[in-house]
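The values are calculated or read from the model by the stated rules, or taken from the named source; none is laboratory data. Since the structure is predicted, the reported quantities are computational estimates derived from the model, not experimental observations. We place every Cβ from the backbone using ideal geometry, glycine too, and count neighbours over all the protein chains shown. With ligands, DNA and RNA removed, areas are computed over all heavy atoms of the protein, side chains included. Shrake-Rupley method; radii C 1.70, N 1.55, O 1.52, S 1.80 Å.
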Amino acid sequence: MPRKEAKAERKTPNREERLGFRLDEESKDLIERAAHLSRRKVSDFCVTALVDTARRTIAEHETLALSDRDRKAFFDALINPPEPSERLQRALAEHKRRVAS
């Protein structure tokens, strides 16, 4: 009996959206086997795998890895910024003229 209560208390995410796709029989069998081995429902197994992959993909595209040389140049520029060039000064003045007025 306590097991049923524990199951009922478990919070499940509110799943209202749907995502459907077709796949070949071999892929479906592979996914079903993996879900069975991990003692999960196929849909739960698939959702978890898709969300994990989506998060990893986004992190890979939003993360910038610098070499030691590039990291040093970046922090040196932050600590000791160069004087603005003539071109940059003109661009800032033009920006102020267009945006500030």
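For Lys41, a cut-off of 14 angstrom between C-alpha atoms picks up these aspartates and glutamates, skipping any fewer than 8 places away in its own chain: Asp29, Glu32.
For semi-axes √(5λ) of the Cα gyration tensor in Å, the candidate list reads (i) 23, 14, 13; (ii) 53, 20, 18; (iii) 34, 15, 10; the entry that matches the value derived from this model is (ii). Stretching Ala93 away from Arg40 to a fully extended chain increases their span by 12.9 nm, per 0.36 nm per residue minus the current alpha-carbon distance. Rounded to the nearest 10 degrees, the inclination of helix 86-95 to the longest alpha-carbon principal axis of the chain is 70 degrees.
Residues of the chain were split at every exposed loop site, defined as GluC sites (Glu not before Pro) in a DSSP loop with at most 13 other C-beta atoms within 10 angstrom, and the longest piece left, sites excluded, is 18-101.
Bridging of Lys72 to aspartates and glutamates at a Cα separation below 19 Å is possible for Glu83, once same-chain residues fewer than 8 apart are set aside. Normalised per residue, the accessible area of the chain is 104 Å², obtained with a 1.4 Å probe and no contribution from ligands, DNA or RNA.
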